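Structure record follows, encoded as structure tokens.
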């Protein structure tokens, strides 16, 4: 049976000891989120995820969603779990108190998201998409629309979707064909087909609020002519409750590699009634607001799946007896040693562990900056924090999902053949993790966002929000012999990142394809350097605790994992750097016909 | 609809231009295998794989195998396809003419295997396992057993299995509990349960021949007490045809991540009649003979799946219009450019291509050596060739399946969201490829085999079969300016490999865990260096053809891909080298309780 225990000890370490979680309550609007409340939330979240959501993860995958006569049935138990989820107030956790939300910090919401993704990613897509719709409406809709929809999304009686992709366009939203015809009453009639709509139809809520990208008549070509509309499944009646059925319907659901309990719908809009959200032709703005929040959340999916896969791999490695330690039997009284003794198994487990814990720190760093960007009283601090969030959002999305996929595959490999069969749940984590590298902008698109938009933005201002603290940290600790094993490798990786940054910027000036050709490797070089910084800080924070104050060895393990990261994972930056430096020539000069 | 065309042009290049395929007919026993016959076989194999096996690949995955009342039904069409397969003589291709085989060279059989794996890996497991059983019987069984079973396995009316794994042991076969009790008639009664038995039960053949590892009474502990038995599903009657049902039965089948049309069976032996193969307690020897052949074949599975995934990714990248080239519109008359214009898409495609073509060359190199090992008239040449096969078998198995998995994932990524849904077949290749990293010895076990057995064997004699030709090649071409772009990077990687080899050998003397901790990275360092050597040779062979003699640009593409490999893939060896040099400490000193 698969297992999952929320890693609360590590979450608290990252939140309080690395990311100044105690400082959250000093921010206006977050006063109540002191350690007492935050810990209580995390404990309760863990209970929900461990006992309600996780037990439905395997059965949900086996059963999948069922499509019949335009309706989608979620797997057994999902409706009841959603009721508990909603009744527990979890849909409102990170929402505006003005609409019934609890206004929790992004840091706390991120840790909750991680637990949800570990426990049941498919389930998490339903409230996840609702939150995306909430963000777009909260940021851009009229007061009237907000008053009508936000309380329902916040209390979870309604859910939301984001309808972007069409059969012929996903990444390139400029090609969208869905049209919106104005009506005399101020509403619009929407016509078109959207695909890959997560949670587009299901049986968890009394209404579903679609946010739909579409074109108004005479709209400019490309993304400058796209508007955003809110299109509810049931039109709200005068009393605010679901009234008439709208002309939007699910035509089919996709059969997918993973997240099989998440309904992925083709949605037909046949003159469906919708209302404009924000200004005409400015739909991409709201879409990006929502997308940025979602990208961080998708990164956390990779993290959460890596965590649960790691936990199961460790349990298996302790239990499974196979072979003897190369250094002599460790359990001579048993027929064989547990496979945990084998160096290659330990390599896989430590790689997974270093990924997961490092990625948790990176996700929390971004979330902590988001909290500052939203709540800090000083506008320049807010801007600085927002700059950082802008910069690292694509890194969090792509790095955490790439490493998450790698980690879940290590989790299968530790199990050997038993990892490949469905019974133990490890292969499901791989299938579930694979989508996170694709949706909300493929990881290639994240890399282009990093090198093409974020790197040059404001003459490098975003970049400096990362480069300056890291450079300062290296300078401050370069002479500390206790930290040399951590700061030395960090400095080397950081040097590679600086050189790659300068090279890409210079080459990209004359040939934009140079930046494109370097993008994916650059994102990983950036991301691994960020992890190295966080692992160095982790070691710095942990070293003073070694010895008496560390009875359970928590800090010792932190230092040891940091060391492993520096010696066995960070060297990848050398290869990435060489690949970047090689330039675009080999891929751009290749003749199209020869592929 | 997924596509597959056998890459005959490239197969012929590797066979004839890189691996002296024309020299095969000069080997005693292979006289008929000149270019005319070989090409005819490959053409016919391509037709079978493209038109018979490939069309059943997706439907086979959707349908899976069905277990009912002890029998297994393969998916619709498999039985008819198997009939065509058998009638076409494909089961006998690589078998001994003494038993009705065609005696084809390993090189030709390997190319056929690649096509089968591209077209329908699940289907390929049925004849694949039969061939494994054939190899073990052919090498170790008595004349009587051979006469009874081999003709049936060769003509494909019967199939075979290999029953090794038990619920509590896979890698560590020393723990096997299945027992064999001698009977007065010279047969044995087998008792026990085997799991993960591919093709253990199915509806394709009139009989199934199980090769079973079991213990005789009083057998020594561990692998020194394991014997091999042949246990047919139906006991052959006097006339050689299937007679009485034997007491071996399928108890259930596994539900797996992939290869869903391949039946993976739990087999119960309840006093089943079996006959000893080879000497008592020497079963591991026959098992290894079979296993080595299988390991090369499993490597080819990664190659084949990479190839078909690449072909589909290229087709999609040409068709799918999305965004504009960073260098300005390439198809201004269309709403967007094909995604083939984007550097990151080209990076993924070229990575896939360089993997696949390089791995094909490596697989053929091993197969060509196998042909020499079997047929060369000079015993010292035979031994040298066999040394090489011994050495590279784990490398072929692990490298080709690891790169195959990476390649199929790139193939999904190029498709974006469309790669994640089942419709296009790309995600199936990922799920199918995943098993190849696990079965026939996990890739971690392959790495241990390389560093623990093959590296030190005969004071490094195996190793020299690789190191000497590569060193000689580098020496011979170091001064050639035309080859500098290829031989330079090869020499650098080779230097890293030499250093890593010496370091591991030295450290491993005092601490065997050092070798274990370095093994996986060392295998990849070795494998990438081997690919670099093959890509350098490919460039050397191709360069003279550029220009007039290369009307379709085939050789130009070869040189360009070689360049891409050197600049964008080979740098990974730098990271691998650093990881190896870091040693075992970080993973072995980590406290068990802290995982």
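Derivation of every value follows stated rules applied to the coordinates shown; laboratory data play no part. Bear in mind that the values here come from a model prediction, so they are computed numbers and not experimental data. Reconstructed Cβ throughout: ideal geometry from the backbone, glycine too, with neighbour counts over all protein chains shown.
Please list log₁₀ I(q)/I(0) at q = 0.06 Å⁻¹ for chain B, using the Debye equation with identical point scatterers on the alpha-carbon positions. One equal scatterer on each Cα of chain B leads to -0.31. Remark on the range A:386-513: hydrodynamic radius 17.2 angstrom, per the Kirkwood mean of 1/r across alpha carbon pairs.
Would you please classify the overall shape of the range A:76-226 from the alpha carbon gyration tensor, given that a ≥ b ≥ c denote the square roots of the eigenvalues, rounded means a/c under 1.5, and beyond that prolate means a/b larger than b/c while oblate covers the rest? Prolate, since a/c reaches 1.5 and a/b exceeds b/c.
Specify the inter-centroid distance of the range B:379-409 and the range B:427-441, based on alpha-carbon positions, in whole Å. The range B:379-409 and the range B:427-441 have Cα centres spaced 17 Å from each other.
Over the range B:133-201, all Cα pairs binned in 10 Å intervals from 0 give whole-percent P(r) values of 18, 37, 40, 5, listed from short to long. For a modelled paramagnetic label at residue B:461, 7 Å from Cα along Cα-to-Cβ, the residues of the range B:356-385 in reach, with backbone nitrogen under 15 Å, are B:379-385.
When the inverse distances between all different Cα atoms of the range A:69-149 are averaged and flipped, the Kirkwood radius reads 13.9 angstrom. In terms of other Cβ atoms within 10 Å, A:169, A:359 run from fewest to most in the order A:169, A:359. Would you please classify the overall shape of the range A:495-595 from the alpha carbon gyration tensor, given that a ≥ b ≥ c denote the square roots of the eigenvalues, rounded means a/c under 1.5, and beyond that prolate means a/b larger than b/c while oblate covers the rest? Prolate is the answer for the range A:495-595, as a/c is 1.5 or above and a/b outweighs b/c. Ranked from shortest, the separations from the 7 Å Cα-to-Cβ label point of residue A:83 to its equivalents in the other copies are 5.5 nm. Please state the shape class of the range B:159-281: rounded when a/c is under 1.5, otherwise prolate if a/b exceeds b/c and oblate if not, all from the C-alpha gyration tensor. Taking the square roots of the gyration eigenvalues as a ≥ b ≥ c, the range B:159-281 is oblate.
Set against the 2.2 N^0.38 Å expectation for a compact globular protein, the range B:255-347 has a Cα radius of gyration ratio of 2.02. In units of the compact-protein estimate 2.2 N^0.38 Å, the range A:194-341 shows a Cα radius of gyration of 1.70. The Cα-based radius of gyration and maximum Cα-Cα distance (Dmax) for the range A:8-140 are 16.1, 53 Å. Inter-copy label distances at residue B:506, shortest first and taken from points set 7 Å along Cα to Cβ: 3.7 nm. Post the alpha-carbon centroid distance, the range A:50-121 to the range B:78-116, in whole angstrom. Here the two parts' Cα centres lie 52 Å apart. For the range A:122-163, the direction-averaged projected area of the alpha-carbon convex hull comes to 2.8 nm².
Summary for residue B:20: label point 7 Å along Cα→Cβ; distances to the equivalent points in the other copies, ascending, 7.0 nm. The calculated P(r) of the range A:443-510, using every Cα pair and 5 Å bins from 0, goes 3, 15, 21, 22, 16, 11, 8, 3, 0 in percent. Taking a virtual spin label 7 Å from the Cα of residue B:44 along the C-beta vector, which residues in the range B:138-161 bring their backbone nitrogen under 18 Å of it? Residues B:154-157 qualify, since their backbone N sits under 18 Å from the label point.
Find how many whole Å separate the alpha carbon centroid of the range A:287-363 from the alpha carbon centroid of the range B:149-191. Spelled out, the Cα-based centre of one part sits 35 Å from the other. Stokes-Einstein diffusion for the range B:321-427, with the hydrodynamic radius set to the Kirkwood value over Cα pairs and evaluated at 20 °C in a medium of 1.002 mPa s, equals 128 µm²/s. Scaled to the globular estimate 2.2 N^0.38 Å, the Cα spread of the protein assembly as shown, given as radius of gyration, is 0.93. Cβ-Cβ distance of residue B:509 and residue A:1, R₀ of 51 Å, FRET efficiency by 1/(1 + (r/R0)^6): the value works out to about 0.75.
Where does chain B land at 222 nm, in deg cm²/dmol rounded to the nearest 500, when only DSSP H runs of n ≥ 4 count, each adding -39500 (n - 2.57), divided by all residues? Counting only the DSSP helices, I get -17500 deg cm²/dmol.
Inter-chain Cβ neighbour count for B:324-332, averaged per residue, equals 3 (cutoff 10 Å, partner chain atoms only).
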